[in-house]
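The values are calculated or read from the model by the stated rules, or taken from the named source; none is laboratory data. For clarity, every value in this text was computed on a predicted model and none was experimentally measured. Methodologically, a virtual Cβ is constructed for each residue, glycine included, from the backbone with ideal geometry; neighbour enumeration extends over all protein chains shown.
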Amino acid sequence: MRSVSFAPPSMTPVVKALLIANIAVFLVQMLLINGSAAQAPWEYWAALNPAAWVEHFPLVPLWQLVTYGFLHGDPMHILGNMLFLYFLGTMLEGEIGSRRFVAFYAVAIVLAGACQLFVGLALRHYNPIVGASGAVLAIVCAMATMRPQTRVIFIIVPLTLKTLALIYVSLDLFNMLMDLKHGTTGVAHFAHLAGAGFGFASVRRGWIWRDPLQEVEGWRERKREEQQSTDEERLDALLAKISREGIHSLSPRERAFLKRVSQR
């Protein structure tokens, strides 16, 4: 069992960028709201707004599946998310690397938002959705699945990551059931639970170790090898044709192919 450490974790590059972006956007939010309780036009377009998806269908604002994750409702909302992002996000980024962490966080944001949006549309609950909580809970559950017995300090209480994740998931599940029974509170519990499920599954299924850029490069390399193999077979066939019929028997397309291959 790992010992409890009070030392703050070293900042990792992606988590640092996310912290700066979220805090900067929140400060801009506070300046633009300026004490007004009415929803500003930019909130209508930047939050994940089911009403906008209904009103503008089929030209739905797809960007909201990303932008909503950088908006927060109040100081306590962003404080809680950023603390978890700092302490556990740095831990996860250190485990899987920055490129994988970017992909994981992006998928978590989009998936959590999409699940909450779908439920909102199905139940006709059109409250705007904001916050990085779905992606943050994905981080919590991914780390809890990866290193369940690692101990952390929650407020002043030492807990294992497994216990911490179970507490948060249980609270969200309970509150979601209460919302369904008595009416929504405006908290995106479905987004939270979708993020938690993704974080758990990504570790158990091994998705978290997949590097999208590396996979794209691997796909390109396979395509190059397949193209090279095809070109070699075609070149052999053309050389055989020249041997039988002479070079004048080649079509303009075949001549262009020979020229392209000779220039490699």
Hey, any hits in the stretch 142-162 for a residue that's out of contact with any Ser or Thr (no Cβ under 9 Å at 6 or more places or on another chain), of a type outside the set (Val, Ile, Thr) and surrounded by 23 or more Cβ atoms within 10 Å (Cβ to Cβ)? no
Could you give every pair whose Cβ atoms fall below 7 Å, whose first residue belongs to the stretch 149-175 and is farther than 18 Å from PHE200 by Cβ, and whose second residue is surrounded by 14 or more Cβ atoms within 10 Å (Cβ to Cβ), counting only separations of at least 6 or pairs across chains? ARG151/LEU159; ARG151/THR160; PHE154/LEU164; PRO158/ARG151; ASN175/VAL187; ASN175/HIS189
What pairs can you find where one residue is in the stretch 199-222 and within 23 Å of ALA132 (Cα to Cα), the other is at pLDDT 85 or above and among the acidic types (Asp, Glu), and their Cβ atoms are less than 9 Å apart, with a gap of 6+ or different chains? ILE208/GLU95
State all residues of the stretch 81-128 that are surrounded by 15 or more Cβ atoms within 10 Å (Cβ to Cβ), small (Gly, Ala, Ser) and under 15 Å from ALA188 (Cα atoms); if no residue qualifies, say none. ALA108, ALA112, GLY113, ALA114, GLY120
If we scan the stretch 241-258, do we find a residue that is surrounded by 10 or more Cβ atoms within 10 Å (Cβ to Cβ), farther than 30 Å from VAL107 by Cα and of a type in the set (Val, Ile, Thr)? yes
Looking only at the stretch 92-149, which residues are more than 21 Å from ILE78 (Cα to Cα) and either touching a Lys or Arg at 6+ places or on another chain (Cβ under 6 Å) or β-branched (Val, Ile, Thr) (or both)? ILE96, VAL119, ALA144, THR145, PRO148
Counting only residues that are within 30 Å of VAL107 (Cβ to Cβ) and among the small types (Gly, Ala, Ser), which one in the stretch 204-240 is modelled with the lowest pLDDT? GLY218
It is to be established whether one or more residues within the stretch 113-121 are touching a residue at least 12 places away in the same chain (Cβ under 8 Å) and over 21 Å from the mean Cα position of the chain (by Cα). yes
Restricting the stretch 163-186 to residues that are assigned to a helix (DSSP H, G or I) and among the polar types (S, T, N, Q), which is modelled with the lowest pLDDT? ASN175
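Looking only at helices (runs of 4 or more DSSP H) that fall completely inside the stretch 60-111, which ones have 3 or more residues that are more than 25 Å from ARG151 (Cα to Cα)?
Ranges flagged: 64-67.
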